[in-house]
């Protein structure tokens with residue numbers, strides 16, 4: 001810990017030089033039974049989050065990067081979407097130190113991938129060897145259902161509006177045609193009556 005602000009005797013601000021990056025690769029996992037066990041595991045004295053990730057499901061991972069040079073970089077970071085470029089010499093778990101929440105979905109190179117709860121509160125995605133694009137998107141099913149209902153509702157309103165507009169125009173056209181024809185026939189009849197009287 002390195003002090004970075006000490007001007008106020010009531011406030012001390014330190015820089016944690018041992019903090020892990022926001023996203024990193026881990027080559028070993030430990031599977032625990034449930035959420036409570038994950039909490040205990042991350043508080044164990046021997047736990048090192050840079051070397052092992054605690055998972056509540058999935059397959060155990062024990063891989064050797066063989067002195068390779070893994071790389072992780074963000075290419076997109078937004079509220080509901082995260083995209084990362086990843087390079088790894090061996091099977092790995094990409095750990096993102098953002099909160100895990102149901103509704104997050106992951107893809108690796110566009111293919112659906114498993115998104116796991118990692119270290120009690122964070123997210124992890126299994127990544128095979130090579131260079132990949134990992135994308136995480138928040139799209140819970142209630143949101144998708146709501147979006148579908150909204151789209152269908154708007155389409156229905158548009159169709160109803162167009163039908164009502166066309167219906168009114170059609171009725172007006174019929175009314176004008178009927179009125180014009182009726183008036184013309186009445187006028188012709190009057191002309192004939194006047195003509196007969198004159199003759």
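How big is the antiparallel share of DSSP beta bridges in segment 1-146, given as a percent to the nearest 5?
Antiparallel bridges: around 95 percent, rounded to the nearest 5.
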- Which order, highest average first, do 149-161, 120-132 follow once you tally other Cβ atoms within 10 Å for each residue and take the mean per peptide? 120-132, 149-161
- Note on the structure: Distance in nm between residue 138 and residue 40 label points, each 7 Å along Cα→Cβ, equals 3.2 nm
- Computed FRET efficiency, Cβ-Cβ of residue 109 and residue 20, R0 25 Å: what is it to the nearest 0.05? 0.50
- Grab every C-alpha pair in segment 1-129, bin the distances at 10 angstrom width from 0 up to the longest one, and report whole percents. 11, 39, 31, 14, 4, 0
- More than 23 Å apart: what percent of Cα pairs in segment 61-156 qualify? 33 percent
- Estimated inter-spin distance, residue 33 and residue 155, nm [label 7 Å along Cα→Cβ]: 5.0 nm
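Every number here is computed from the coordinates shown, using simple stated rules; none is lab data. Since this is a predicted model, take the numbers as computed values, not measurements. Quick reminder, even Gly has a Cβ in these numbers, built from the backbone with ideal geometry, and neighbours come from all protein chains shown.
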